[in-house]
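Take a look at the structure set out below.
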Amino acid sequence: MFNNLKNYEDDPIEALFKRISLDDSSNKIDLGIGVFRDQTGQVPVMRAVVEAEKQLLKQHASKSYMSPLGNMDYCADMERSVLGEGHDALQRIVSAQTPGAGAALRGAAEFIESFCPTATVWFGSPCWGHQIEFFERAGLRTKQYRYYNREQGELDFSGMLEDLKALQENDVLLLHGCCHNPTGEDPDLAQWQILADLINEKRVLPLVDVAYQGFGSGIEEDVAGVRLLAAQVSQLILTVSSSKSFGIYRERAGLLSIIHQEQASSDSLQRKLRDTLRQLYFMAPNHGAAIVHEILSSQTLEQLWRDELNAVRRQVVTMRVALKATLEQANPQFDASFIPRQKGMFSCLPLSQAQQLRMEQQYHIYMLPNARVNVAAMSAEQSQALAIAFAEILSESVAQR
């Protein structure tokens with residue numbers, strides 16, 4: 001059965017992990033994987049999470065099976081967190097807790113395919129590569145629209161709108177709710193309004209992925225565009241990750257929500273969503289979702305979590321400012337003003353694939369495709385090292401012209 005499988009290649013992320021593990025340099029720098037690291041290089045566990053786990057241990061909760069829809073208390077928490085208390089969309093939403101946002105996206109793909117197998121799913125370029133895989137694996141066609149101008153370091157909104165003229169009715173438009181991965185470049189509210197108008201005009205289905213709420217401008221501020229969109233379209237799919245916002249990466253807690261037209265049957269949609277997910281993986285693990293619900297059920301723990309997440313956000317902002325300064329100090333001809341303007345964990349440096357490979361081989365600095373730099377994982381010393389390496393590679397490139 002397995003004899004014909006040969007030369008199977010790793011995807012870019014797994015290949016990066018292997019190259020890092022094989023590099024025995026004491027100076028190697030991992031700016032790839034999307035985690036927050038403190039200035040000592042550790043991935044800290046939030047105190048709110050630790051306290052919530054202590055409370056859960058005291059409760060001696062059952063380990064019995066749950067519905068494939070998962071922890072419904074967690075679902076209600078996440079719906080309110082993203083959409084806000086009292087949002088009209090909360091009256092026409094069905095949700096399931098999933099094993100992280102990756103499973104939410106894969107479930108959304110299967111859900112869409114069952115209703116409209118001829119739909120094309122549109123992704124920005126560049127985007128998180130795994131997003132496309134989830135939808136192609138479900139048998140859906142995919143296309144990409146222009147999103148980011150790497151040379152200018154800014155959102156290519158005019159190019160985006162030009163490409164999206166080709167949207168067809170019932171196509172799916174995937175958007176990042178905040179802190180775009182990999183670019184850190186987000187639409188402003190006026191641009192969200194233009195997208196809402198386009199979605200209604202073209203009669204397409206928006207799918208909004210929220211993975212970094214609280215890492216940009218603030219917990220509420222980061223989802224203002226999502227709330228605007230949800231208020232103005234008749235239907236929307238929402239996927240949410242708790243990995244970053246609560247620092248529970250390996251616990252795999254996420255949300256898949258269907259905001260439906262008023263005339264649609266919530267009961268039927270919920271049963272369809274339940275069966276779609278059961279056929280994929282049966283049910284999600286509960287521990288991460290239970291942690292989040294425990295935090296958001298306690299005023300004390302919620303305030304502690306908000307304070308900790310705001311501290312993380314301020315640290316990321318500080319590192320963005322520091323990276324701009326070090327990049328421009330090492331290379332005075334380079335304008336790095338886009339770095340502090342962008343939001344969230346990531347930004348993309350204007351490096352070619354060959355230059356990025358030289359970063360690894362000569363300077364032991366590792367980034368994911370599109371020269372995606374995880375600013376949230378960077379220390380002050382690493383910022384200096386990156387800036388020096390970047391300046392040297394750019395100067396060599398100029399000299400070779």
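The values are calculated or read from the model by the stated rules, or taken from the named source; none is laboratory data. Because the structure is predicted, anything quoted here is derived from the model rather than measured. FYI the Cβ positions are ideal-geometry reconstructions off the backbone, even for glycines, and counts take in every protein chain you see.
Within the stretch 352-380, residues that are among the small types (G, A, S) have Cβ atoms under 7 Å from residues that are assigned to a helix (DSSP H, G or I) in these pairs: A371/Q356; A376/V316; A380/A322, counting only partners at least 6 apart in sequence or on another chain. Comparison of I33, I20, I29, I13 shows that the only residue that is touching an Asp or Glu at 6+ places or on another chain (Cβ under 6 Å) and more than 30 Å from S298 (Cβ to Cβ) is I20. Going through (1) in contact (Cβ under 8 Å) with a residue 24 or more places away in the chain; (2) out of contact with any Lys or Arg (no Cβ under 9 Å at 6 or more places or on another chain); (3) in a loop (DSSP other than H, G, I, E, B) one by one, L69 falls short only on (2).
Restricting attention to the stretch 9-26, the residues being more than 24 Å from the chain's Cα centre (by Cα) and in a loop (DSSP other than H, G, I, E, B) number 5. For the stretch 1-44, the set of residues classified as closer than 26 Å to C179 by Cβ, modelled with pLDDT under 85 and among the polar types (S, T, N, Q) consists of Q39 only. Of all residues in the stretch 9-35, exactly one satisfies the criterion of being more than 25 Å from I388 (Cβ to Cβ), in contact with a helix residue (DSSP H, G or I) (Cβ under 7 Å, 6 or more places away or on another chain) and touching a residue at least 24 places away in the same chain (Cβ under 8 Å), namely P12. Here the condition is being touching a helix residue (DSSP H, G or I) at 6+ places or on another chain (Cβ under 9 Å) and more than 30 Å from L304 (Cα to Cα); of Q213, Q193, it holds for Q193 alone. Looking at E14, is it closer than 28 Å to H287 by Cα and loosely packed, with under 12 Cβ neighbours inside 10 Å? Yes, satisfied.
Applying the selection to the stretch 223-268, what residues are of a type in the set (A, V, I, L, M, F, W, C), farther than 24 Å from N310 by Cβ and surrounded by 17 or more Cβ atoms within 10 Å (Cβ to Cβ)? Spell out how you get there, then give the answer.
Kept after step one, since they are of a type in the set (A, V, I, L, M, F, W, C), are these residues of the stretch 223-268: 223-224, 226, 228-231, 233, 236-238, 240, 246, 248, 253, 255-256, 258-259, 264.
Cutting the leftovers down to farther than 24 Å from N310 by Cβ gives us 229-231, 233, 236-237, 256, 258-259, 264.
If the condition is that a residue be of a type in the set (A, V, I, L, M, F, W, C), farther than 24 Å from N310 by Cβ and surrounded by 17 or more Cβ atoms within 10 Å (Cβ to Cβ), then L229, A230, V233, L236, I237, L256, I258, I259 are the ones that fit.
The number of residues in the stretch 119-174 being closer than 23 Å to G32 by Cβ, surrounded by 20 or more Cβ atoms within 10 Å (Cβ to Cβ), in contact with a Ser or Thr (Cβ under 6 Å, 6 or more places away or on another chain) and free of Cβ contacts under 8 Å to residues at least 60 places away in the same chain comes to 1.
So, R306, is that one more than 20 Å from V82 (Cα to Cα), at pLDDT 95 or above and of a type in the set (K, R) or not? In short, no. Hey, any hits in the stretch 103-114 for a residue that's within 17 Å of T239 (Cβ to Cβ), without any contact (Cβ under 8 Å) to a residue 60 or more places away in the chain and not polar (S, T, N, Q)? Checked the stretch 103-114: at least one residue is within 17 Å of T239 (Cβ to Cβ), without any contact (Cβ under 8 Å) to a residue 60 or more places away in the chain and not polar (S, T, N, Q). For the residues R227, R278, the requirement of being touching a Leu at 6+ places or on another chain (Cβ under 8 Å), of a type in the set (K, R), in the same structural domain as M66 (by TED's automatic domain parsing) and touching a residue at least 40 places away in the same chain (Cβ under 8 Å) singles out R227. Condition test on E79, is it under 24 Å from E302 (Cβ atoms), buried (at least 17 other Cβ atoms within 10 Å of the Cβ) and in the same structural domain as C178 (by TED's automatic domain parsing)? So E79 passes the test.
In the set A376, A289, which member is buried (at least 17 other Cβ atoms within 10 Å of the Cβ) and within 30 Å of E110 (Cβ to Cβ)?
On the way: A376 fails: within 30 Å of E110 (Cβ to Cβ).
Going through A376, A289 in turn, the sole match is A289.
Okay, residues lined up against (1) within 16 Å of V35 (Cα to Cα); (2) in a loop (DSSP other than H, G, I, E, B); (3) at pLDDT 90 or above; (4) not assigned by TED's automatic domain parsing to the domain that holds G153:
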position: L323; (1), (2), (3), (4): no, no, yes, yes
position: E328; (1), (2), (3), (4): no, no, yes, yes
position: F334; (1), (2), (3), (4): no, yes, no, yes
position: G344; (1), (2), (3), (4): yes, yes, yes, yes
position: A385; (1), (2), (3), (4): no, no, yes, yes
position: L394; (1), (2), (3), (4): no, no, no, yes
